[in-house]
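K.L.:
Here's a structure for you.
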Amino acid sequence: MQVSARSTGDTNTSGNQPRPSDDSWDAEAQDNNIVPLTRDQAEKLFGPEVSRPSRVTPLKVVAAQMVLSLGATLLWWLFYKPPGDAALSAFLGGAICWLPAALFAARLRAKTGAETIMSWMIGEAIKMGATIAMFVAVAFWYKSALWLPLLVTYIVALKTYWIAMALR
C-alpha cells in the first residue's frame, strides 16, 4: 500500500511544499502577543497631538448637519422655481440625515462608561432603520416630493462626517 502526500494532507494547495507544523499563524497566538504603545512611543509615531481629546463631538456633528441642511433648504428656496416643494423636499432630505444621527448621538450620551461594540452596532442599526423608515415615509406620504433637492441635501448633510474627521 503506497501512501501519497496528497492523501495524508502533508502538502499545501500547490502540492509541492509540505505545510509547516508550527502554529505561528494561529490567530489566538498572535492576539496574545499584542503589546500596547506607551505614551512616548505613540507621540513619537503619531506626533504630540495624539493624546489630545477631539474637539468634535457627536452633538456638534449633528448641529453642523442641521445648519448645512437648513442652508441647503434656503438655497433651494431662493434658486428653484416654484420654491415651495423644493425647499420642503430639501428640508426633509436634511432631516433624514440629521434626525437619525441625533438619535445615535443621544444614545451615545446616555450610555456613559463601559461601551461595547455591540452597543455601537445596535445604535448604528437603529440609525439605519430610522433613515430607511424616513425615506419610505417621505415616498409614501409626500407625493409631491422633489427627489433631486431631497437627495442632494441628504448627501450634503451626510458629508458632514468627512468634515468632522478632518477637523478632529
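K.L.:
Please identify every one of the trypsin sites (Lys or Arg not before Pro) in region 54-144 that sits in a loop by DSSP and has no more than 16 other beta carbons within 10 Å of its own beta carbon. Write down the numbers at each step before the final one.
P.N.:
On the way: sites: ARG55, LYS60, ARG107, ARG109, LYS111, LYS127, LYS143; in loops: ARG55, LYS111, LYS143.
Of the trypsin sites (Lys or Arg not before Pro), the ones in loops of region 54-144 whose Cβ has at most 16 other Cβ atoms within 10 Å are ARG55, LYS111, LYS143.
K.L.:
Around THR153, with a cut-off of 14 angstrom between Cβ atoms, what is the net charge of the other residues, counting Lys and Arg +1 and Asp and Glu -1?
P.N.:
Numbers: positive: LYS159; negative: ASP85.
Local charge sum for THR153: 0.
We did not get these values from a lab; they are worked out from the coordinates using the rules stated. Keep in mind it's a predicted model, so treat the numbers as computed, not measured. Every residue, glycine as well, gets a Cβ built from its backbone with ideal geometry; the counts of neighbours run over all protein chains shown.
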